[in-house]
Structure formats: C-alpha cells, structure tokens
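K.L.:
Below: one structure in structure tokens.
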Amino acid sequence: MSPVFGHGRLRIYILKLLDESPRHGYDVIRLLEDRFMGLYAPSAGTVYPRLAKLEAEGLVAHDEDGGRKVYRLTDAGREELASVAGELRELEEELVSSIKDLAAEVRSEVRGSVRSLRDELRGAAKDARRQERSEARPVTREVRDLERELERLRTEVRLLSRRSDLSPAALVNARHRVVALLEELRTELGGSTA
C-alpha cells in the first residue's frame, strides 16, 4: 500500500473516482495509476475487495455490462464523499506535492544520466578519433625501413663528426642525405617529425 493512502484514504479516492463517472474495477485501477503517474499502482487484490466492501456498506452499487460489473456511486456514497471533502482536498494536495517531488527527482536523475551519457559519448568520440588517426597512418614496412635508415644515418653522422680527418664537404654531404631521408619520412607519415 502506498503511504499516500493511509487508513481509509484509498476508500475516499475510489468514491471520488466513482462520483466522476461509473467505472469498471479495471478502470479504477488504471485511473489510480494514471493520476498518481505510476507513483502508486494498485493491484486487483487491493481494489476489488474495497469495491465489494463499499457495495456492502451501500455506498456503491453495480450494474452488469457484458458480463462485467460497472460500479457507480449511490446517494449514500455521495453523502459520505461530501462529509470527507476536507480530507479529500488534503489527499489531492499531497498527491500534487508527491508528483512534483517525483518529477523533480526524475528530472535530476535524467540530467545526471544525460550528463554522464554526454561525457561517455565525448570519450568514445575522442577514442574513435584517436583510433582513426592510428589506423589512418599504419606503420608500413617502408616507414619502418625509412626510420631504420634515418637512425643509421644519424649514427653515421655522429661518428663522422667526431673524426678529425674528414673534410667539411663530406659532413655536408652526409647531412644532406639525412635531411632528404627526413623529408621522405615526413611525407610518408603525413606530418612533421622531430
């Protein structure tokens, strides 16, 4: 049982629903769930015994419609409802307050979920772009060969620069070979290399 419906309050609300219009028991169940926006969803085992009790007290009566009972409020039921009008008003105010609280809670949860989802999507997009970049520039055999050749030339230039018997022209020639290979590598990788 919902805390909204303390002792006797469900009874009052069922009387209110039947005052609005005659209804099948199932309609009462559906309307309670709709009006409480899912906050309270009564079972048939909750509603039908109350309808039977209200009928036994002479507050409601039923007619048969296609083999189904259609409940309606009696004059005694209208008098009962009028006598608890203040309690009904209070119940409806609590209902509105409960629904507002629930709506605020749902909005907060939705905002948090949307924020979390947005962060996850940004992260996934960043990962996808990173993956794309790495897949867009696969390390081919040629690139590895260029890198090896570049490293070999760097080592050779370092060794040559330490030799005192080399001419400046030999050093310049080795430097030009390294620069040319570096440019080939930059073109192959599609960017700059340090």
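K.L.:
Could we say that residue 91 is hydrophobic (A, V, I, L, M, F, W, C) and in contact with a Gly (Cβ under 7 Å, 6 or more places away or on another chain) here?
P.N.:
Judged against the criteria, residue 91 is not a match.
K.L.:
Looking only at the stretch 24-55, how many residues end up being within 16 Å of residue 12 (Cα to Cα), touching a residue at least 12 places away in the same chain (Cβ under 8 Å) and not charged (D, E, K, R)?
P.N.:
Matching residues across the stretch 24-55 total 13.
K.L.:
Let me ask something else. Within the set of pairs 6+ apart or on separate chains, which have a first residue in the stretch 76-99 that is free of Cβ contacts under 8 Å to residues at least 12 places away in the same chain, a second that is surrounded by 14 or more Cβ atoms within 10 Å (Cβ to Cβ) and hydroxyl-bearing (Ser, Thr, Tyr), and C-beta atoms under 9 Å apart?
P.N.:
Listed by first residue and then by second, the contacts come to 92/13.
K.L.:
Another question, if that's okay. Can you go through 144, 154 and tell me which one is exposed (fewer than 11 other Cβ atoms within 10 Å of the Cβ) and modelled with pLDDT under 70?
P.N.:
144
The values are calculated or read from the model by the stated rules, or taken from the named source; none is laboratory data. Everything numeric in this text was worked out from a predicted model, so none of it was measured. Glycine also receives a Cβ, built like all others from the backbone with ideal geometry; neighbour counts cover every protein chain displayed.
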